[in-house]
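Pasting a structure here, questions to come.
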Amino acid sequence: MPQSLARILVHTVFSTKDRRPFLRDKPLRDELHRYLGGILTHLECQPVIVGGVEDHVHLLCALSRTCDAANMVKEVKRGSSVWLKAKSPDLAEFAWQGGYGIFSIGFSQIQAVRDYIAGQEEHHRTVSFQDEFRQLLRRYEIEFDERYVWD
């Protein structure tokens with residue numbers, strides 16, 4: 001086959017450092033989500049939806065066949081951190097957590113994951129980020145040590 005083709009869908013989750021609520025301002029958060037989508041587009045990682053709440057984000061995208069998952073997350077975090085710090089002196093201390101979670105999804109799961117990400121504000125009225133992340137790790141059968149998951 002002379003052409004390389006791929007459609008690898010991933011759901012990525014990461015929080016602000018120490019889960020600080022830097023993203024309380026809804027207009028700023030919405031602008032950040034659009035900016036994150038722009039970074040994904042620049043990386044040729046087609047964004048499906050970007051969402052989240054005051055202390056974390058969710059990205060659903062299709063990885064480019066030439067961009068690996070770790071590089072995608074690194075570039076999204078780096079670019080958005082620089083952008084946020086330039087937005088306001090109040091964000092001078094902004095940082096993302098060191099780690100992240102990234103989970104593969106099937107094509108048939110796109111709508112369910114899209115709805116889940118779109119419903120983050122409602123979801124987090126009753127569920128903390130830590131509990132949500134633990135649930136994702138258990139759902140994907142990822143072993144983890146609580147001492148090293150949070151920063």
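The values are calculated or read from the model by the stated rules, or taken from the named source; none is laboratory data. Owing to the predicted nature of the structure, the values given are computational and were not obtained by experimental measurement. Positions of Cβ are backbone-derived with ideal geometry, glycine not excepted, and every protein chain shown enters the neighbour counts.
Can you pull out every residue in the stretch 25-46 that is in a helix (DSSP H, G or I) and hydrophobic (A, V, I, L, M, F, W, C)?
Correct list: Leu28, Leu32, Leu36, Ile39, Leu40.
Shifting gears a bit: With respect to the numbered conditions (1) surrounded by 14 or more Cβ atoms within 10 Å (Cβ to Cβ); (2) in contact with a Lys or Arg (Cβ under 7 Å, 6 or more places away or on another chain), which one is the sole condition not fulfilled by Ile39?
(2)
Would you mind finding the one in Gln111, Gln130 that is out of contact with any Pro (no Cβ under 7 Å at 6 or more places or on another chain) and modelled with pLDDT of 95 or more?
Gln111
Select from the stretch 65-87 the residues that are assigned to a loop (DSSP other than H, G, I, E, B) and either within 13 Å of the chain's Cα centre (by Cα) or in contact (Cβ under 8 Å) with a residue 40 or more places away in the chain (or both) and list them in ascending order.
Arg65
Please find, among Phe14, Phe22, the residue that is part of a loop (DSSP other than H, G, I, E, B), among the aromatic types (Phe, Trp, Tyr) and within 25 Å of Asp115 (Cα to Cα).
Within the list Phe14, Phe22, the selection yields Phe22.
Something else now. Name the one entry in Asp151, Asp90, Asp131 that is part of a helix (DSSP H, G or I) and either touching a helix residue (DSSP H, G or I) at 6+ places or on another chain (Cβ under 7 Å) or under 20 Å from Leu32 (Cα atoms) (or both).
From the options Asp151, Asp90, Asp131, the qualifying one is Asp90.
Here is a yes/no grid of residues against (1) closer than 23 Å to Arg125 by Cα; (2) surrounded by 19 or more Cβ atoms within 10 Å (Cβ to Cβ); (3) not acidic (Asp, Glu):
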position: His33; (1), (2), (3): yes, yes, yes
position: Thr66; (1), (2), (3): no, no, yes
position: Ala70; (1), (2), (3): no, no, yes
position: Lys77; (1), (2), (3): no, yes, yes
